[in-house]
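Have a look at the structure below, then the notes.
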Amino acid sequence: MPNYTFTTPVVEEGPIGDHRLFYFFKMNRGITIIKASGTYRQVRYITDETLDDYTEVYRGGYNHTVNDATKAALIAANVGITEANFTIQ
């Protein structure tokens, strides 16, 4: 059973600074995926104090190692995750 590298979804945000030139640039921000009460969902901003409230947390902007079963569950959850978010290790 292979493992996969799971990259969380991203959203493009901008402007990335206060100078007028920064208004032309955007930056990708990772979206956190959590599992609570058996349901996956996206969370834009999460605090360290709430991490223990969830059974699974995949922090945005990081790569996570998952197995086949977790990969299938994340895709089936219909929270914006597709095969493109996974690469085989």
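Quick notes on this one:
- Every pair of residues 6+ apart whose Cβ atoms lie under 7 Å, when the first sits in region 58-81 and is modelled with pLDDT of 95 or more while the second is assigned to a helix (DSSP H, G or I) and surrounded by 12 or more Cβ atoms within 10 Å (Cβ to Cβ): 81/74; 81/75
- The set of residues in region 33-42 being among the aliphatic types (A, V, I, L, M) and either loosely packed, with under 15 Cβ neighbours inside 10 Å or modelled with pLDDT under 95 (or both) consists of 36 alone.
- Taking residues in region 20-45 that are without any contact (Cβ under 8 Å) to a residue 40 or more places away in the chain and among the basic types (Lys, Arg), and partners anywhere that are surrounded by fewer than 10 Cβ atoms within 10 Å (Cβ to Cβ) and part of a strand (DSSP E or B), the pairs with Cβ atoms closer than 6 Å and at least 6 places apart or on different chains are 26/12.
- Filter result for residue 49 (at pLDDT 90 or above and loosely packed, with under 10 Cβ neighbours inside 10 Å): yes
- Count of residues meeting criterion [within 20 Å of the chain's Cα centre (by Cα) and either of a type in the set (D, E, K, R) or in a loop (DSSP other than H, G, I, E, B) (or both)] in region 17-39: 6
- Per the conditions (1) within 17 Å of residue 2 (Cα to Cα); (2) modelled with pLDDT under 95; (3) surrounded by 15 or more Cβ atoms within 10 Å (Cβ to Cβ), the sole criterion not satisfied by residue 30 is (1).
- Extreme residue, farthest from residue 28 (Cα to Cα), among residues of region 40-54 that are polar (S, T, N, Q) and either in a loop (DSSP other than H, G, I, E, B) or within 15 Å of the chain's Cα centre (by Cα) (or both): 47
- Filtered residue count, region 52-77, keeping only those that are of a type in the set (D, E, K, R), surrounded by 16 or more Cβ atoms within 10 Å (Cβ to Cβ) and touching a Lys or Arg at 6+ places or on another chain (Cβ under 8 Å): 0
- Complete set of residues in region 1-49 that are out of contact with any strand residue (DSSP E or B) (no Cβ under 9 Å at 6 or more places or on another chain) and among the polar types (S, T, N, Q): 37, 39, 47
The values are calculated or read from the model by the stated rules, or taken from the named source; none is laboratory data. Every value quoted in this text rests on a predicted model; they were computed, and no experiment measured them. Here Cβ is always computed from backbone atoms with ideal geometry, including for glycine, and neighbour counts include all displayed protein chains.
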